[in-house]
Amino acid sequence: MDRVQIFDTTLRDGEQSPGATMNVEEKLAIARQLEHLGVDVIEAGFAASSEGDFDAVRRVAEMVSRPIVLSLARTREQDVDRAIRAVEHAKRPGIHIFIATSDIHLKHKLMMSRAEVIDAAVWAISRAKRYLDYVEFSAEDASRSDPDYLVQVFTAAIEAGARTINVPDTTGYALPEEYGALFRSLRERVPGADRVIWSAHCHNDLGMAVANSLAAVQNGVRQVECTVNGIGERAGNTSMEEVVMAIKTRADRIGVDTGIVTEQIYPTSRLLAQITGIPIPINKPIVGDNAFAHEAGIHQDGVLKNRLNYEIMRPESVGLDSNRLVLGKHSGRHAFVARLRELGLELGDIDMNRTFERFKALADAKKNVYDEDLIALVARESVRGDVRDRYELVYLNVTSSSMAVPHATVKLRIDGEEMLGHATGDGMVDACYRAIGDLTGQHPELQRYAVKAITGGTDAQGEVTCLLREDGYTVTGQGSHTDIIQASALAYVNALNKLEYRRQHRQRLQTEAEVGP
Ligand code: KIV
Ligand code: ZN
């Protein structure tokens with residue numbers, strides 16, 4: 001069977017989702033999991049867009065071994081050079097150069113002629129080729145561009161040395177039949193078309209990103225660009241889990257394969273949701289809570305008689321184990337580690353002693369520890385890396401009744417020193433956040449606060465996500481605990497640590513720039 005490459009752009013286009021900003025440690029945790037998942041290409045960021053992005057691409061490039069690691073770049077000298085610098089230590093480095101080709105973009109955004117756009121593309125590809133071999137070229141807004149002009153642009157790009165040609169449906173405007181036909185015609189008309197990989201990059205504005213990507217594959221495309229959980233600009237990008245499982249489940253018609261270890265889909269999806277705080281809709285195909293739940297009696301009866309009656313995929317094939325009750329407070333370290341391995345979780349960089357301690361605390365607080373709890377536990381540990389948290393929650397006491405104003409007493413360890421604070425508030429969470437704010441002297445804007453039960457039952461772990469904003473920069477904090485107020489405090493402290501980490505990181509980069517290499 002022919003192989004379709006999976007190009008993951010969660011860390012670049014995905015990060016462009018409102019509220020999906022990730023710090024370097026979080027990006028590294030995602031990249032580690034993407035490698036484990038078996039993606040072929042990781043677009044790690046847009047190196048020229050900020051120091052933070054440059055640093056993230058550089059760190060991902062140094063860490064990852066098997067996939068190609070790319071940075072996005074416009075056709076400008078500074079972009080190309082920054083992108084190449086960022087991936088220079090990658091085992092398999094690459095660059096992704098793009099420029100718009102639709103008349104709308106040429107006239108109203110770039111203010112360039114068609115000839116100037118071709119010159120710019122050729123110049124940038126040729127410059128990149130002096131330093132590395134793997135160049136992908138994208139014609140932004142290709143699906144709304146003149147197909148005759150696209151033939152000229154791609155002919156020139158291939159002559160200049162592009163190895164992959166990407167034809168984005170940037171605005172999510174195309175219909176599947178139309179998008180497939182565009183590839184068919186380009187592959188027939190562009191000289192040298194058989195020397196390159198053709199790539200599809202779709203946005204989901206009309207809910208057709210996955211259908212369009214599949215139509216492209218059926219017309220000879222051998223790379224699909226996608227994001228975990230379909231996050232991305234506006235309505236998002238092609239959802240990795242949906243396109244991969246469609247290719248696998250309907251191999252009879254589509255006739256291609258991917259290198260994705262599908263059992264890693266669920267842990268990857270949960271990790272991303274935990275890190276970004278972007279919830280997964282319960283009815284989302286493949287990874288939503290209801291994706292494999294059969295509710296109607298007639299369906300349950302059918303599934304019990306034979307799963308084939310209503311199931312086109314096995315939950316196990318995406319990493320969801322039907323035997324979900326796993327561990328409890330009597331489980332030992334051996335059983336704990338064995339279960340993590342069975343779940344295929346990436347354990348390479350996590351501190352196993354600390355993770356096991358946290359598991360024990362969790363098992364004390366709730367009777368049954370489910371796979372979802374374990375995935376959340378490992379996700380939390382995997383983003384810690386070598387980051388030292390400035391703030392740590394030591395103790396929390398919150399009182400509230402219908403007759404009294406909620407009152408919180410909070411003890412934090414700040415730079416190793418314990419400090420106690422008190423506050424009242426509009427509710428228990430508010431009182432708690434005020435006390436933490438007074439102790440730390442940090443009062444960022446709270447943009448979003450959400451609570452979700454990780455597992456069922458009244459002893460379920462609650463997962464709290466909060467979004468804090470400071471100086472135009474947003475961070476997401478997560479906390480999970482069987483006590484919602486405790487989970488809220490942990491999420492807030494987690495977000496404050498990220499803001500603090502960012503402040504220190506910015507200062508370090510500034511000092512490095514002042515002192516010089
Ligand atoms: O949607 C788009 O056109 C893009 C390009 C930069 C590839 O993301
Ligand atoms: Zn895009």
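The values are calculated or read from the model by the stated rules, or taken from the named source; none is laboratory data. Just so you know, these numbers come straight off a predicted model, no measurement behind them. Here the Cβ positions follow ideal geometry from the backbone for every residue, glycine too, while neighbour counts run over all protein chains shown.
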For the structure I just gave you, tell me whether LEU106 is among the hydrophobic types (A, V, I, L, M, F, W, C) and under 23 Å from ALA235 (Cβ atoms).
no
Here the qualifying pairs (Cβ atoms under 7 Å; residues six or more apart or on different chains; first in the stretch 431-446 and in contact (Cβ under 8 Å) with a residue 40 or more places away in the chain; second acidic (Asp, Glu)) come out as PRO444/GLU470
Against the condition surrounded by fewer than 16 Cβ atoms within 10 Å (Cβ to Cβ) and modelled with pLDDT under 95, how does SER65 come out, does it pass?
no
Sole miss for PRO191 among (1) within 15 Å of ligand 1 (Cβ to nearest atom); (2) in a loop (DSSP other than H, G, I, E, B) is condition (1)
Give ILE286, ILE231 a once-over and let me know the one that is crowded, with 19+ Cβ neighbours inside 10 Å, closer than 30 Å to PRO168 by Cβ and touching an Asp or Glu at 6+ places or on another chain (Cβ under 7 Å).
ILE286
Under the condition of being surrounded by 24 or more Cβ atoms within 10 Å (Cβ to Cβ) and either more than 16 Å from ligand 1 (Cβ to nearest atom) or among the small types (Gly, Ala, Ser) (or both), which residue from the stretch 146-174 is nearest to VAL87 (Cα to Cα)?
ALA162
Matching residues in the stretch 81-107 (within 16 Å of ligand 1 (Cβ to nearest atom) and more than 15 Å from ALA44 (Cα to Cα)) number 9
Pick from the stretch 228-285, criterion in a loop (DSSP other than H, G, I, E, B) and among the polar types (S, T, N, Q), ranking: farthest from VAL451 (Cα to Cα):
THR258
Would you please name the residue that is nearest to ARG12 (Cα to Cα), looking only at residues in the stretch 41-95 that are away from ligand 2 (no atom under 16 Å from the Cβ), within 20 Å of the chain's Cα centre (by Cα) and among the β-branched types (Val, Ile, Thr)?
VAL57
Can we say GLU500 is surrounded by fewer than 22 Cβ atoms within 10 Å (Cβ to Cβ), of a type in the set (Asp, Glu) and at pLDDT 80 or above?
yes
Checked the stretch 338-370 for anything surrounded by 15 or more Cβ atoms within 10 Å (Cβ to Cβ), part of a helix (DSSP H, G or I) and either of a type in the set (Gly, Ala, Ser) or modelled with pLDDT under 75 (or both); matches are ALA363, ALA365
For the stretch 21-33, does any single residue satisfy the condition of being in a helix (DSSP H, G or I), free of Cβ contacts under 8 Å to residues at least 60 places away in the same chain and either within 18 Å of GLU241 (Cβ to Cβ) or not assigned by TED's automatic domain parsing to the domain that holds PRO168 (or both)?
yes
Matching entry among SER71, SER50, SER65 (being under 24 Å from ALA120 (Cα atoms) and away from ligand 1 (no atom under 13 Å from the Cβ))
SER50
What are the residue pairs meeting all of these: first residue in the stretch 9-20, first residue within 12 Å of LEU72 (Cβ to Cβ), second residue in a helix (DSSP H, G or I) and away from ligand 1 (no atom under 13 Å from the Cβ), Cβ atoms under 6 Å, and 6 or more apart or on different chains?
LEU11/LYS27
Reported set for the stretch 1-17 where residues are of a type outside the set (Val, Ile, Thr), assigned to a loop (DSSP other than H, G, I, E, B) and within 15 Å of ligand 2 (Cβ to nearest atom) is LEU11, ARG12, ASP13, SER17
Counted residues in the stretch 231-250 being in contact (Cβ under 8 Å) with a residue 40 or more places away in the chain and away from ligand 1 (no atom under 16 Å from the Cβ) come to 7
